[in-house]
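The values are calculated or read from the model by the stated rules, or taken from the named source; none is laboratory data. Since we're looking at a predicted model, the values are computed, not measured. Glycine also receives a Cβ, built like all others from the backbone with ideal geometry; neighbour counts cover every protein chain displayed.
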Amino acid sequence: MLAKLMKYDLKSLLKGVLPIYLIGIVLAIVSRLFDVLVDHLSFLSIPAGFMLFFFILAMIAIPFFTLGIVVMKYYNTMVKDEAYLTHTLPVKKSTLVLSKIIDGFILMVISTIVIILCIAIRLFMIDGVFTALKEVWLSSVEVLGLSFWIIIIVAFFLGFISFFTCVFAAISFGQKHNNNKFIMSFVYYIAIYYINQIVSVVLLIVPVYLNKSWWNTLNSENVSIEFINGYLLVALVISLVMSAVYYFITVNNMTKKLNLE
Amino acid sequence: MSLVEFHNVDKNYGAKKALSDINLKIERGHIYGLLGPNGSGKTTLIKLINDLLTPTSGEVLINGLKPGVESKKIISYLPERTYLNMNLRVEEVIAYFKDFYTDFDEDKAHKLLDKLKIDSKTKLKTLSKGTKEKVQLILVMSRKADLYILDEPIGGVDPASRDYILNTILENFNEGSSMIICTHLIADIERILDDVIFINDGKIVLNESAEEIRSVRKMTIDNLFREEFKC
Amino acid sequence: MKFDFNGDKPIYKQLVEVLKYDIATGEYQAGDKLPSVREFSAMFFVNPNTVQRALNELEDEKLIITNRTSGKFVTDDHKLIDNQKKSLAIKALEECLKKLERLNISDEQVIKYIKDRREEK
C-alpha cells in the first residue's frame with residue numbers, strides 16, 4: 001500500500017516541480033555559455049551578469065518551490081476536495097501520512113541533486129574550480145573529520161523530515177477548524193516552531209549550561225571534535241524523536257478529528 | 001447482523017447537535033433513500049459510515065466492525081463534489097482505482113466510458129462539469145461493492161443526464177448489494193427505492209418501506225415528504 | 001421505455017398489470033425467456049426488489065416459470081394465456097362500457113360505432 005500511494009503521489013509531484021528544475025538547468029547552461037562568450041565579447045558582460053543573477057535566483061527558488069509543492073499537494077489531497085477520495089481508500093491513516101512524508105523527503109533529495117547538478121554545469125571546466133573545491137573538502141575533512149561531515153549531511157536530510165512532520169502536524173490541527181483552515185494551519189505551524197525552539201533550548205542548552213565541565217569545555221580552545229560530534233548526535237536524536245511525536249499527533253488528528261469541508 | 005448499524009449515535013460540532021440519538025439498520029440487498037432538507041444531518045450520517053467523522057457518542061458498525069480499512073474495501077462512495085485529481089487522464093484514474101480497490105471492474109468502466117464516447121486519454125480537467133460527474137459515477141458503479149453510497153447523484157444535472165445517471169445506477173447495481181441515495185430530488189428517484197428514511201434536524205423522523213407508504217398511506221414519497229417537512 | 005406508474009399506489013401491483021398485458025398481447029410469447037430482474041428494473045425504472053415481487057406474483061398465478069439455471073420464462077400453457085387475454089379484454093370492456101353508460105351512450109350506438117369503424121378499415 002505504501003508503495004502504491006507513493007507511486008501516484010510522486011508522479012504528480014514530479015510533474016509539478018519539473019518546470020522549475022528544467023529552468024534551473026537551462027539557466028546553468030546559458031549562464032555558463034555567457035561566461036565563455038564574455039571573454040571574447042566584452043559588451044556581453046551586462047547580460048552575462050543578469051544571467052548569473054537569474055541563475056542564482058533559480059538555485060534559491062528550487063528548494064522553496066519544491067517545499068511549496070509538497071505542502072500544497074499534501075493540503076489538497078488530505079484536507080480539500082481530493083481528501084474525500086484519499087480518506088476513503090482502504091488504507092491506514094498512518095500509512096497515508098507516512099507516504100506523504102517519504103514523498104516530501106524524496107523530492108527534497110531530488111531537488112538537492114538538481115541544484116548540485118546545476119552548479120556543476122555552471123562551473124564546468126572553469127580553470128581550477130574543481131581543484132580548489134577538492135582542496136577545501138580535503139582540508140576540512142582533515143580538521144573536522146569525516147564523521148563530522150557525515151553527521152552534518154544526515155542532519156541536513158533529517159531536517160527535511162522534521163520540517164514536513166511539523167507542517168503536517170500543523171495542518172492536522174488547522175483542519176479541525178470549520179473556517180479559515182489554511183490560516184489556522186499557518187498559526188499552528190508558528191506555534192509548533194516556537195515549541196521546537198523552546199524544547200531545543202531546554203534539552204540542548206540548559207543541561208550544558210548547568211554542567212560546569214561541559215560548559216568550560218565548549219568555551220575553551222581545546223574543544224574536541226568528538227565532543228562536538230556527540231553534541232550534534234544528541235541534537236539529531238532529539239530532532240528525530242520530535243519528528244516521530246509530530247507524526248503520531250498528525251495520524252491521531254487525521255483519524256479521530258478529521259473535519260473535511 | 002445488518003450491513004450497517006447505528007446504535008444511539010450522537011454527533012456534535014461544538015455546541016451544534018448535527019445528529020441526535022440515531023438508531024438505524026441498513027440491510028443487504030436494499031436501496032435506501034436518505035431524504036431530508038439541507039442541514040438535516042444527511043451528509044453527517046454518510047460521513048460517519050465512511051469513517052470521515054467519528055461519533056461524539058454511540059457507535060457505527062459495518063458488518064459488525066467499526067469503520068476503518070475493512071469497511072472501506074466494501075463501500076463505494078460518490079461524494080457530492082469533484083474529488084478526483086483533475087490533472088490526471090481518464091485512464092490514469094482507472095488505473096488508480098484498479099490499484100487500490102480489488103473489486104474494481106475495469107472492463108465495465110471502459111464499456112460505460114465508451115458509451116459516453118469519452119476517450120481514455122482525455123484529461124479530466126478538460127471535461128465539462130456534467131461529464132466529470134458522470135465519470136465519477138462510472139468509477140463508483142464499476143466497483144462490486146457491498147454498499148454504494150451516492151450523495152446527490154443527480155443534483156444540478158440536466159434531465160437527459162439525470163436519466164442516464166439513474167439508468168447507469170440501476171443497470172450496474174450489484175445484486176445483493178445495498179445502496180444509500182442521498183437526495184432532495186425525491187420525485188425523480190422514489191420509484192427505485194426499497195426503503196425511505198426521512199431525517200430532519202439531526203433526527204430520523206421516518207423509516208419505512210416505499211411500497212408500504214404507497215399501499216397504506218396512498219401517497220407518493222414526494223408528497224409525504226412535502227407533508228412532513230412543511231414550512 | 002418508462003411507464004408512468006402511479007406513485008401513490010403500490011408499484012409492484014401496477015407492474016404485474018403491465019406484464020400481464022404484455023404477455024397477453026404477445027409482447028412476450030409463450031415459452032419466451034424474460035429479461036432479467038435487473039433488465040426489467042432498468043427498463044421500467046423500478047426498484048429491483050419491486051420487480052422481483054411482481055414476478056413472484058405472476059409466478060404464483062403460473063403465468064411465469066422460473067428455471068433455476070436459465071432464468072424466467074413465460075408459461076407454455078396457451079390456454080392460460082388465452083384466459084388471461086380474455087379477462088384483460090373483459091376488464092377493458094367493462095371499464096369502457098361503464099364510462100359510456102355514464103355518458104348515456106346506448107348499446108346500439110356502441111355496436112353501430114364498432115361496425116362503422118370496421119368498414120372504414
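Only residues that are of a type in the set (A, V, I, L, M, F, W, C), more than 24 Å from B:GLY41 (Cβ to Cβ) and out of contact with any helix residue (DSSP H, G or I) (no Cβ under 6 Å at 6 or more places or on another chain): list them for the stretch B:166-196, please.
First, the residues of the stretch B:166-196 that are of a type in the set (A, V, I, L, M, F, W, C): B:166, B:169-170, B:173, B:179-182, B:185-187, B:189, B:192-193, B:196.
Now restrict to residues that are more than 24 Å from B:GLY41 (Cβ to Cβ): B:166, B:170, B:173.
Selection gives B:LEU166, B:PHE173.
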Residues that are farther than 18 Å from B:ARG191 by Cβ: find the helices (runs of 4 or more DSSP H) completely inside the stretch C:16-121 holding 2 or more of those. C:48-60, C:78-102, C:107-120
Residue list for the stretch A:218-258, restricted to those being of a type outside the set (A, V, I, L, M), crowded, with 16+ Cβ neighbours inside 10 Å and within 14 Å of chain B (Cβ to nearest Cβ): A:ASN253, A:THR255
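Condition check ((1) assigned by TED's automatic domain parsing to the domain that holds A:VAL26; (2) within 28 Å of A:VAL199 (Cβ to Cβ); (3) without any contact (Cβ under 8 Å) to a residue 24 or more places away in the chain) across all residues:
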{"site": "A:PRO90", "(1), (2), (3)": "yes, no, yes"}
{"site": "A:ASP103", "(1), (2), (3)": "yes, yes, no"}
{"site": "A:THR131", "(1), (2), (3)": "no, no, yes"}
{"site": "A:LYS134", "(1), (2), (3)": "no, no, yes"}
{"site": "A:ALA169", "(1), (2), (3)": "no, yes, no"}
From the options A:LEU22, A:LEU18, residue that is surrounded by fewer than 13 Cβ atoms within 10 Å (Cβ to Cβ), within 14 Å of chain B (Cβ to nearest Cβ) and at pLDDT 95 or above: A:LEU18
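Hey, any hits in the stretch B:3-15 for a residue that's within 14 Å of chain A (Cβ to nearest Cβ) and in contact with a Pro (Cβ under 9 Å, 6 or more places away or on another chain)?
yes
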One residue is enough: does the stretch C:26-42 have a residue meeting the conditions within 14 Å of the chain's Cα centre (by Cα) and of a type in the set (Phe, Trp, Tyr)? yes
With criteria (1) of a type in the set (Val, Ile, Thr); (2) more than 9 Å from every other protein chain (Cβ to nearest Cβ); (3) out of contact with any Phe, Trp or Tyr (no Cβ under 8 Å at 6 or more places or on another chain); (4) under 20 Å from B:GLU152 (Cβ atoms), B:VAL216 comes up short on (4)
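Do any strands (runs of 3 or more DSSP E) entirely within the stretch B:121-231 hold 1 or more residues that are surrounded by fewer than 19 Cβ atoms within 10 Å (Cβ to Cβ), and if so, which?
Details: elements: B:147-151, B:178-183, B:195-200, B:203-209.
In the stretch B:121-231, B:195-200, B:203-209 are the strands (runs of 3 or more DSSP E) which contain 1 or more residues that are surrounded by fewer than 19 Cβ atoms within 10 Å (Cβ to Cβ).
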Please enumerate the residues belonging to the stretch C:23-74 that are in contact with a helix residue (DSSP H, G or I) (Cβ under 8 Å, 6 or more places away or on another chain) and at positive phi. C:PHE45, C:LYS62
Restrict the check to the stretch B:138-149 and report whether at least one residue is out of contact with any strand residue (DSSP E or B) (no Cβ under 9 Å at 6 or more places or on another chain) and over 25 Å from B:ILE62 (Cα atoms). no
Scan the stretch C:28-41 and tell me whether some residue there is β-branched (Val, Ile, Thr), within 14 Å of chain B (Cβ to nearest Cβ), in contact with a strand residue (DSSP E or B) (Cβ under 9 Å, 6 or more places away or on another chain) and surrounded by 13 or more Cβ atoms within 10 Å (Cβ to Cβ). yes
How about the stretch C:49-67: which of its residues are touching a strand residue (DSSP E or B) at 6+ places or on another chain (Cβ under 9 Å) and at the interface with chain B (Cβ under 7 Å from one of its Cβ atoms)? C:ASN49
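Counting residues that are within 30 Å of B:ASN50 (Cβ to Cβ), which helices (runs of 4 or more DSSP H) fully inside the stretch A:82-144 reach at least 3?
On the way: elements: A:83-86, A:93-122, A:129-144.
The qualifying helices (runs of 4 or more DSSP H) are A:83-86, A:93-122.
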Here the residues within the stretch A:1-11 that are in a helix (DSSP H, G or I) and either among the charged types (D, E, K, R) or over 19 Å from the mean Cα position of the chain (by Cα) (or both) are A:LEU2, A:ALA3, A:LYS4, A:LEU5, A:LYS7, A:TYR8, A:ASP9, A:LYS11
Kindly indicate whether any position in the stretch A:92-113 is buried (at least 18 other Cβ atoms within 10 Å of the Cβ), of a type in the set (Ser, Thr, Tyr) and facing chain B (nearest Cβ under 9 Å). no
The stretch B:162-177 residues that are more than 8 Å from chain C (Cβ to nearest Cβ) and within 14 Å of B:SER142 (Cα to Cα), paired with ones that are modelled with pLDDT of 90 or more and not in a helix (DSSP H, G or I) (beta carbon under 6 Å, 6 or more apart): B:ILE165/B:PRO153; B:ASN174/B:LYS144; B:SER177/B:ASP146
Which count do you get for residues in the stretch B:24-39 that are under 16 Å from B:ASP201 (Cα atoms) and surrounded by 23 or more Cβ atoms within 10 Å (Cβ to Cβ)? 3
Six or more apart or on different chains, Cβ atoms under 8 Å: show the pairs whose first residue is in the stretch C:69-90 and under 13 Å from C:THR25 (Cα atoms) and whose second is among the polar types (S, T, N, Q) and in a loop (DSSP other than H, G, I, E, B). C:VAL74/C:GLN29; C:ILE81/C:THR75
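Starting from residues that are of a type in the set (Ser, Thr, Tyr) and more than 14 Å from every other protein chain (Cβ to nearest Cβ), keep the ones in the stretch C:1-27 and report whichever is surrounded by the most Cβ atoms within 10 Å (Cβ to Cβ). Walk me through how you get there before you give the answer.
Taking the stretch C:1-27 as the starting set, the residues that turn out to be of a type in the set (Ser, Thr, Tyr) are C:12, C:21, C:25.
Checking the rest, the ones that are also more than 14 Å from every other protein chain (Cβ to nearest Cβ) come to C:21, C:25.
On the way: C:TYR21: 14, C:THR25: 10.
If we take residues in the stretch C:1-27 being of a type in the set (Ser, Thr, Tyr) and more than 14 Å from every other protein chain (Cβ to nearest Cβ), then C:TYR21 is surrounded by the most Cβ atoms within 10 Å (Cβ to Cβ).
A quick yes/no check of all residues on (1) closer than 25 Å to B:ILE169 by Cβ; (2) among the β-branched types (Val, Ile, Thr); (3) without any contact (Cβ under 8 Å) to a residue 12 or more places away in the chain; (4) surrounded by fewer than 23 Cβ atoms within 10 Å (Cβ to Cβ):
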{"site": "B:THR43", "(1), (2), (3), (4)": "yes, yes, no, yes"}
{"site": "B:LEU48", "(1), (2), (3), (4)": "yes, no, no, no"}
{"site": "B:LEU52", "(1), (2), (3), (4)": "yes, no, yes, yes"}
{"site": "B:GLY58", "(1), (2), (3), (4)": "no, no, no, yes"}
{"site": "B:LEU61", "(1), (2), (3), (4)": "no, no, no, yes"}
{"site": "B:ILE74", "(1), (2), (3), (4)": "yes, yes, no, yes"}
{"site": "B:PRO79", "(1), (2), (3), (4)": "yes, no, no, no"}
{"site": "B:LEU84", "(1), (2), (3), (4)": "yes, no, no, yes"}
